[in-house]
Structure formats: C-alpha cells, structure tokens
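Novice: My questions will all concern the structure given below.
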Amino acid sequence: MERVSYEAWPPNLDAVFAALADPTRRAILSRLAAGEASVNEIAAPFEMSQPAVSKHLKVLERAGLIERDIDKQRRPARLKALPMAAAVNWLEAFRQFWSSSFDQLDGLLGELKKAGTKGAGNE
C-alpha cells in the first residue's frame, strides 16, 4: 500500500476555516475590509448584543484574521487578510480536480448529443 503524504499547511488553517464558517464572522470581516471599526460600530447592523459581537471578534482574533488595538477607551479591530491566503491556497489545490471533472462532463455531454443527433436522423 502506498503511503499518503500530507503537505504541511499552516497550523492555524483549521482555526481560519472555523472562523470563516460563521456568516456573522464573514460579515464582520467584510465590514473590516472597509477599514477599522470599534465593537459598537461592528455591532450596529446586527441584532445581537455587544458581548456576542465581542465573542465573534475573539474567534477572529484567535484565527489571526483580525487584530485589535487599544486606543484610550476604544479597542478598534482591523482586518489581517494574510491568514485567509492560506485557506485560498488550500482550496486552490482542488481547482485542477474540478476543472478536470467539468472537462470530462463536457466531453460526455458532447458525445451524448452527437449520439442523440445520429439516432434521430436514422428514424
């Protein structure tokens, strides 16, 4: 039996995917892509408490997707997109698989279409 070799992915890749799995956290990241924001500013469009938003921010921070500063009473959050690059690179490895699968499907559909056209002409 052939041994399977696994590439060494960044250790926080699981944390990045776990953080991205939640739609609220993805919305927060989209908001932070426009610029840094305080918890109050981030919480404004959501129907959830400030502590709930803070919990989401902690998950994003542990995944390395945001960083937070201390600015007097304010703790603005800022996007750190570099860890998302690891997730994109991991997903990119599957592009060839999907491209190949779609190419095979196109070929099969073309063959079926030709066979259907030939069969219809022989009646």
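The values are calculated or read from the model by the stated rules, or taken from the named source; none is laboratory data. Predicted model, so just to flag it, every value in this text is computed and none were measured. Counting neighbours? That spans all protein chains shown, and the Cβs are built from the backbone with ideal geometry, glycine included.
Novice: Looking at this structure, is GLU61 within 24 Å of ASN12 (Cα to Cα) and not in a helix (DSSP H, G or I)? Show your work before the answer.
Specialist: On the way: within 24 Å of ASN12 (Cα to Cα): yes; not in a helix (DSSP H, G or I): no.
Judged against the criteria, GLU61 is not a match.
Novice: For segment 18-40, how many residues are assigned to a helix (DSSP H, G or I) and either touching a His at 6+ places or on another chain (Cβ under 9 Å) or surrounded by 15 or more Cβ atoms within 10 Å (Cβ to Cβ) (or both)?
Specialist: Step one: of segment 18-40, the residues assigned to a helix (DSSP H, G or I) are 18-20, 23-33, 39-40.
When the remaining residues are screened for being either touching a His at 6+ places or on another chain (Cβ under 9 Å) or surrounded by 15 or more Cβ atoms within 10 Å (Cβ to Cβ) (or both), the result is 19-20, 24-25, 28-29, 31-32, 39.
Total meeting the criteria: 9.
Novice: Here's another thing I want to ask about it. Considering segment 23-56 alone, what residues qualify as being more than 21 Å from the chain's Cα centre (by Cα) and either touching a residue at least 24 places away in the same chain (Cβ under 8 Å) or not assigned by TED's automatic domain parsing to the domain that holds PRO76 (or both)?
Specialist: ALA37, SER38, VAL39, MET48
Novice: Right, next: Just the residues that are modelled with pLDDT under 85 and either polar (S, T, N, Q) or not assigned by TED's automatic domain parsing to the domain that holds ARG26 (or both), please, taken from segment 63-89.
Specialist: GLN73
Novice: For the list (1) in contact with a helix residue (DSSP H, G or I) (Cβ under 7 Å, 6 or more places away or on another chain); (2) surrounded by 13 or more Cβ atoms within 10 Å (Cβ to Cβ); (3) under 18 Å from ALA37 (Cβ atoms); (4) of a type outside the set (A, V, I, L, M, F, W, C), I need the number of the one condition that LYS80 fails.
Specialist: Every listed condition holds for LYS80 apart from (1).
Novice: While we're here: For VAL88, work out the one condition from (1) among the hydrophobic types (A, V, I, L, M, F, W, C); (2) in a helix (DSSP H, G or I); (3) more than 12 Å from the chain's Cα centre (by Cα) it doesn't fulfil.
Specialist: (3)
Novice: Also, I was wondering about something else. Take the residues of segment 57-74 that are under 25 Å from the mean Cα position of the chain (by Cα) and of a type in the set (Val, Ile, Thr): which is surrounded by the most Cβ atoms within 10 Å (Cβ to Cβ)?
Specialist: Checked segment 57-74; the qualifying residue surrounded by the most Cβ atoms within 10 Å (Cβ to Cβ) is ILE66.
Novice: From the list LYS118, LYS55, LYS72, which residue is within 19 Å of ALA21 (Cβ to Cβ) and either of a type in the set (D, E, K, R) or out of contact with any helix residue (DSSP H, G or I) (no Cβ under 9 Å at 6 or more places or on another chain) (or both)? Lay out the reasoning, then the answer.
Specialist: Values: LYS118 fails: within 19 Å of ALA21 (Cβ to Cβ); LYS72 fails: within 19 Å of ALA21 (Cβ to Cβ).
Exactly one of LYS118, LYS55, LYS72 is within 19 Å of ALA21 (Cβ to Cβ) and either of a type in the set (D, E, K, R) or out of contact with any helix residue (DSSP H, G or I) (no Cβ under 9 Å at 6 or more places or on another chain) (or both), namely LYS55.
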